[in-house]
Structure formats: structure tokens, C-alpha cells
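A.B. asks: So that we are looking at the same thing, I have put the structure below in C-alpha cells.
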Amino acid sequence: MEALRLSFMVILVMATSVQSQGGLKAGFYSSSCPGAEAIVRSTVESHFKKDPTVAAGLLRLHFHDCFVQGCDGSVLIAGSSAERSALPNLGLRGFEVIDDAKTQLEASCPGVVSCADILALAARDSVDLSDGPSWQVPTGRRDGRVSSSQGLNLPSPLDSVTVQRQKFAAKGLDDHDLVTLVGAHTIGQTDCQFFRYRLYNFTTTGNADPSISQSFLAQLQTLCPKDGDGTKRVALDIDSQNKFDVSFFKNVRDGKGVLESDQRLWEDAATRNIVQNYAGTIRGLLGFRFDFEFPKAMIKMSSIEVKTGSDGEIRKICSKFN
């Protein structure tokens, strides 16, 4: 009986930690805009049906927002000196989905739901629609009033594990969060120009990056010829690019990481151990572990430097300040 009571308490504590995070809480709009989450979900779903790759775009949009000035919707502001005009953000997509959801929410509950919360909810719905896990998103973020293209310290495909670790640690995220969140690349895409250097002259003697498996190297060279189109899109998880699963980690283990920063996770002892745990050998069991860990890491990331209460504003249009 005592063991039963103890396990119930553990479940209760876990549920409570999901309910409230960094001044946010699940169900924040339950009385002020009861249909908010359903509106975001149906909007994401309608865009996803036309183009499943938009899911990865929305997930990346939320990630890039949170890593600069916290999860405050600053990445959505349009303008030549705004955050989204900075070089690392030029490939971001999914803005039209957020704008579409915002238009509907303003018609339903004017001035209530923040753009920052729409981003967090859209990221969750994107994972769920891609056969990944779903989770309760703590909401209550407010939109920031600053968006600058200067001084962005976003993770880069060229980063070593040491540099990746530093960038994540600066946001309160540890090695486990790093590997888990990079697992979002299971539905991601990138341009040939961001990894082609690994295929042809990586060692400056004309050889490819030795960490790429030989069979996979030939596959990538076919997809991205030496003088081909640098903007051609390639899946980061070639085995199942539209399915949110552990295939990405198996690829990193097998020397099939497309981005250098992803493949390097296998070369560091600490991050390799986490990749190995997710990749595993028993597909169902290990997939379940990633499904359990990813929502926890997302809730943690989605709480970075959030603005709540009377901070910031609730934008009427996501791409411009009130």
C-alpha cells in the first residue's frame, strides 16, 4: 500500500511540474480564450496536410525564438534590422502558419493569446502530427518588444560538441537536453550548402569527412554534386524524414549524420552515451524513451527567459510591435 502511495505521489509531482514552469501554466487560456489551443491545432493541421515539411519549420522557428532573448516571439518581427533578417535565420519558415492562427485568434478572442504562445503550441502540434509525442504546453508567455539582428548566438552546423554545450548551457540546458532537442532533426531538412564541404574537400586534400560512412557518402554526393545547386533541400533523417522517431539517432551512430554538428555528438563520450541510449537495439522500447524525454526537454526549453504578467505585450499582428 505504501509503495502504491509513493508511486502516486511521484506521478503527482511530475504532473505538477508540467502544469507550471517558469511562471507559465498549462491551460492558461481555459477561461480567457477556451478555443485557443484548438484553433492553433486546426491551423497547423491544415497547413501540414498541404506540406508535411512545415512541421520541422515550425519546430525550428520556436527553437530559434527561444535561443535569442527567450521565448518571446521576437523572431516573428519583420524588418531589415529584426532578428529574422539575421544570417542564421534566413532559412526559417512557417511564419504564414503563425500569422494564420493569430488572425483567427484575434477574431475569436482579441488581444488575449500571445504570438510566443502560438509558437510553443504550434511546435507541439507539429511533433504530434508527425507521429511524435504530444504534451501539455505550459502557456502564459507575453511577446517581447525588442527584435534585433545583432549578437545572435544560435547553434551552427559547424559547431563542435564543446561549442554546442556552451551555447545550450548559457540557456540553462544540459547535455541530455542538447542531444534530446537535436533529435528534432528527425523531421528536419537542410540545404546542400550547409554540409557539402564535408563531402569533397573536408581535409583540404580532396577527401571527405572520415566520420561519414562510405555508403552514405556516395548517397550524399549523388544528392549534392560538387558544383550543384547549394539551395537544394535534403532530409536530415533520410530514412524517415516525415516521421518523428529514433531513426535520427541510429543514423548518427552509424556515421549517417548529415550535419557535422550532429555527427560530432557521436565523438564526445557524454553525448555519445545519450545518442546510444536513444538509438538502442530494441526499437519500440527505445523509441518510447525518446517520446518520453523529448516533451520534458521541450517544456524546459520553452520556458527560457519567458515574459509573463505585465512584461512585454500581446501583439495584435505577430510580425509587428503594437
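The values are calculated or read from the model by the stated rules, or taken from the named source; none is laboratory data. This is a predicted model, so every value here is computed, not measured. Here the Cβ positions follow ideal geometry from the backbone for every residue, glycine too, while neighbour counts run over all protein chains shown. Protein only, heavy atoms only, side chains kept; ligands, DNA and RNA dropped before computing areas. Shrake-Rupley method; radii C 1.70, N 1.55, O 1.52, S 1.80 Å.
A.B. asks: As an exercise, use a Förster radius of 51 Å and the Cβ-Cβ distance of residue 214 and residue 42 to find the FRET efficiency, rounded to the nearest 0.05.
C.D. replies: With R0 = 51 Å, the Cβ-Cβ based efficiency is 0.65.
A.B. asks: Another question, if that's okay. Kindly provide the helix-only [θ] at 222 nm of the chain, computed as the sum of -39,500 (n - 2.57) over DSSP H runs of four or more divided by all residues, to the nearest 500 deg cm²/dmol?
C.D. replies: -14000 deg cm²/dmol, from helical runs alone.
A.B. asks: Mind telling me which of 148, 310, 126 comes out most flexible in a GNM of the chain, alpha-carbon contacts under 10 Å?
C.D. replies: Maximum fluctuation in the GNM of the chain, among the listed residues, is at 310.
A.B. asks: Given the convex hull of the Cα atoms of the range 66-179, what is a quarter of its surface area in nm²?
C.D. replies: 8.3
A.B. asks: What is the Rg over Rh value, at two decimals, for the chain, using alpha-carbon atoms and the Kirkwood definition of Rh?
C.D. replies: 0.98
A.B. asks: Dividing the Cα convex hull volume of the range 184-276 by residue count, how many Å³ per residue is that?
C.D. replies: It comes to 87 Å³ per residue, whole-number rounded.
A.B. asks: Quick check: pseudo-label points 7 Å beyond the Cα along Cα→Cβ at residue 160 and residue 222, how many nm apart are they?
C.D. replies: For the pair residue 160/residue 222, the computed spacing is 3.5 nm.
A.B. asks: With only alpha-carbon atoms counted, please give the Rg and Dmax of the range 112-266, in Å.
C.D. replies: 17.4, 58
A.B. asks: Taking the chain as a Gaussian network, Cα atoms linked when under 10 Å apart, which of 201, 273, 251 shows the biggest mean-square fluctuation?
C.D. replies: Evaluated over the chain, the most mobile residue of the options is 201.
A.B. asks: What number results when the radius of gyration of the range 226-322, computed over Cα atoms, is divided by 2.2 N^0.38 Å?
C.D. replies: Ratio of Rg to 2.2 N^0.38 Å for the range 226-322: 1.47.
A.B. asks: Right, another one. Quote to one decimal, in nm, the extra length available between residue 152 and residue 134 on full extension: 0.36 nm per residue of separation minus the C-alpha distance between them.
C.D. replies: 3.5 nm
A.B. asks: When N counts the residues of the range 58-119, how does its alpha-carbon radius of gyration compare numerically with 2.2 N^0.38 Å, as a ratio?
C.D. replies: Against the compact-globule rule of thumb, the ratio is 1.10.
A.B. asks: Report the FRET efficiency, 1/(1 + (r/R0)^6), for residue 50 and residue 205, where r is their Cβ-Cβ distance and R0 is 35 Å, rounded to 0.05.
C.D. replies: Working from the Cβ atoms, E equals 0.15.
A.B. asks: Same structure, new question: Could you give me D for the range 16-89, from Stokes-Einstein at 20 °C and 1.002 mPa s, where the hydrodynamic radius is the Kirkwood radius over C-alpha pairs? Units µm² s⁻¹, please.
C.D. replies: D = 147 µm²/s.
A.B. asks: Normalise the Debye intensity by I(0) for the range 126-196, one equal point scatterer per Cα, no solvent, then take log10 at q = 0.12, 0.13 Å⁻¹ and round to two decimals.
C.D. replies: Relative scattering, expressed as log10 I(q)/I(0), comes to -0.50, -0.59.
A.B. asks: Give me the extension gain from residue 30 to residue 197: residue separation times 0.36 nm, minus the current Cα-Cα distance, reported in nm with one decimal.
C.D. replies: Extra length available between residue 30 and residue 197 comes to 55.1 nm.
A.B. asks: If I take R0 = 56 Å and measure r between the Cβ atoms of residue 310 and residue 243 in this structure, what FRET efficiency does the formula 1/(1 + (r/R0)^6) give, to the nearest 0.05?
C.D. replies: So, using R0 = 56 Å, E works out to roughly 0.85.
A.B. asks: Mind telling me which of 103, 139, 162 comes out most flexible in a GNM of the chain, alpha-carbon contacts under 10 Å?
C.D. replies: Answer for the Gaussian network model of the chain: 162.
A.B. asks: Over 27 Å between C-alpha atoms is what I'm after, so list which of 243/320; 102/250; 243/307; 25/102 land there.
C.D. replies: 243/320; 102/250; 243/307
A.B. asks: Now a separate question. As I understand it, the value is the acute angle between the Cα axis of helix 2-19 and the longest principal axis of the Cα atoms of the chain; what does it come to in degrees, rounded to 10?
C.D. replies: Long axis of 2-19 versus the principal axis of the chain: about 90 degrees.
A.B. asks: Quick one: length gained pulling residue 232 to residue 80 fully straight, 0.36 nm per residue minus the C-alpha distance?
C.D. replies: Length gained between residue 232 and residue 80: 52.2 nm.
A.B. asks: So, in Å, what gap is there between the alpha-carbon centers of the range 184-242 and the range 92-151?
C.D. replies: 31
A.B. asks: If you count only protein heavy atoms with a 1.4 Å probe, what accessible area per residue comes out for the chain, rounded to a whole Å²?
C.D. replies: Ligands and nucleic acids excluded, the result is 44 Å² per residue.
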